[in-house]
Every structure is written in structure tokens, then in C-alpha cells.
Amino acid sequence: MSLKTRLLVGASTLTLAAGGMLVAAAPAAHAAPTVIGGCGGAVLLGTITPALTDQTQIGVVAKTKLLKDQTTKVAISGNCAVAVRPGDPIQPAGGLANGGTLTPKAEAASLLGNSSCANGATAVAADATAAAAWPLNGKITWTMTQLNAVAKPFAIQADVEALGFNAAAGPDVLDIGGIVLKGAGVGAIVSGNIWFDPVAKTGGPSGYNTGYELDLAQALGCADGTPNNATIGTILSGGGGGSSTSLLGSSASGAVFSLGE
């Protein structure tokens, strides 16, 4: 599902429907958090070094890149929409960046932490090194195909942290939090969630036709409470829009940007 925009005449408020989210820009001081946009629909390949196991390891690095549909060779990039601060040189009038139509040509993340794939009370209890855990955190940057008012691609760079699994959403759904550091929506709070699943390169179609498909044995190894029977070096990730459904059937919102307290 693509992001769609509309202007509510007479309300002096810019409103965005982003996969069902209502967005109002420029909330009053001390207002409740007000959604100003989001990014969703992309499918990403993640590489994890060293490979995740069901025991917490020191210095785990996760990096991502956009994947292509193996038939069309077109990147599964999803879309973004976010408000810009009035007076910002990238779009001095403010409002939704590029009228609400932003298409990522790259979505790159680099996260570092002390982490395991242990999922669920039984598996977490069997993680003998869990005391060393530190949330994966770092930067994610969306770079768009559309140009801004200073003739550079619109971009959103955020500092994000993995907040833990969202049991209500599904066993492979991870909540995220953070703040937009640069670009459109600078200063906005980052929230929402993403799914990620262990995959193997098979050439099959079930992983959004990327050629990567669910490695169920590794997913089960992260949850069964038996130590050292899972090794995950490659994941598929998505959330929101056209990639809201995980390979296990869970649902994730994608990244959400908001202003306010």
C-alpha cells in the first residue's frame, strides 16, 4: 500500500494517511505526540556479524540494504512521507516533503550491540550470557529518489534502538525507538516496529520474491530453550505498507515519525 496525502481545508493542519495512520504537522507546544509521517513497505536484507545465536554475544553488528524482486529486478523500496519544518532550506514552505511522495533508493542501517536471538521466556532463561546484553543501536538512513529545494535527494537519518520483541504483534516483531537526526522531519521521535526473520538463499518466491526464504529451523532454535542450536547470519526484514506481513505471518507497522511530548 502506497502512502497517500490529503490537505484538510479549513483546519490549518496538514494530514497524511499513511497505511491507515493520520498525521498532523506542527502540534501545539506540550501537545501529545502527533504523527507526522512514516516509512514502510521496503524489504531489506540484513547481515549479522558475528552470526546471532541463542546466547548473547559481544559486539554484534547488523547492517541492511534494499533487496530487489528477482523477477522484475526492481528494488522493493516501499515509500516514505514526512513533514518538514517551515523555514528549513530543504523545503522552506514546510508541509509534507515533496507533497508526501518520497521513494527510497537506499535504506541503510548499521547497528551495534550485545545481542542474541533468544525469544520467549524459556529461551531467554537458557541464555547463559544474558547479563551482557546491550540493545542493538545505531543509525538508519533513507535516501530518496526525489530532490529537495537545494537540489539534493531528500533524506531522513535517524538514531534508533531495538527496544525488544513485541509479543502481542508476533514472535519476530521488534519494537524500535529513537530520533530523527538529519534531513526531513529532523527532531521527530521514531517509533513503530519491524519484523525480521532468518533466511537462506534458495531462489524461491515466498520471501517477497527476493530469492531469500524463511529458515524455519533457525527460527525455532531461537525459541526452544536448547542452548547453541541456532545460528543466524542473514535476515529478511520489513514492516508497514506492502511488507507489513512477516514470513511467519506477523504484522509490523514500519517506522513512524512523530512530534510532541
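A short reminder: the numbers here are calculations on the coordinates, not readings from a lab. Owing to the predicted nature of the structure, the values given are computational and were not obtained by experimental measurement. Methodologically, a virtual Cβ is constructed for each residue, glycine included, from the backbone with ideal geometry; neighbour enumeration extends over all protein chains shown.
Tabulated data
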{"quantity": "Karplus-derived 3J(HN,Hα), 6.51/-1.76/1.60, for each residue of the stretch 101-115, Hz, glycine and proline x", "calculated": "10, 10, 10, x, 9, 8, 9, 10, 10, 9, 10, 9, x, 10, 8"}
{"quantity": "Computed helical MRE - 222 nm, the chain, DSSP H runs ≥ 4 contributing -39500 (n - 2.57), nearest 500", "calculated": "-1000 deg cm²/dmol"}
{"quantity": "Relative contact order (percent, whole number), the chain, Cα cutoff 8 Å, 6+ residue spacing", "calculated": "23"}
{"quantity": "Cβ-Cβ FRET estimate between Gln146 and Leu248, R0 fixed at 35 Å, reported to 0.05", "calculated": "0.55"}
{"quantity": "Cα centroid separation - the stretch 44-74 against the stretch 164-202, whole Å", "calculated": "14"}
{"quantity": "Relative contact order (%) - criterion: Cα under 8 Å, at least six apart; region: the stretch 126-259", "calculated": "20"}
{"quantity": "Dipole in debye (nearest 20) - the chain, about Cα centre, beta carbon charges: Lys, Arg +1; Asp, Glu -1", "calculated": "980"}
{"quantity": "In sequence order, calculated HN-Hα J values of the stretch 127-136 (Karplus, 6.51, -1.76, 1.60; Hz; x Gly/Pro)", "calculated": "7, 5, 10, 4, 4, 8, 4, 8, x, 4"}
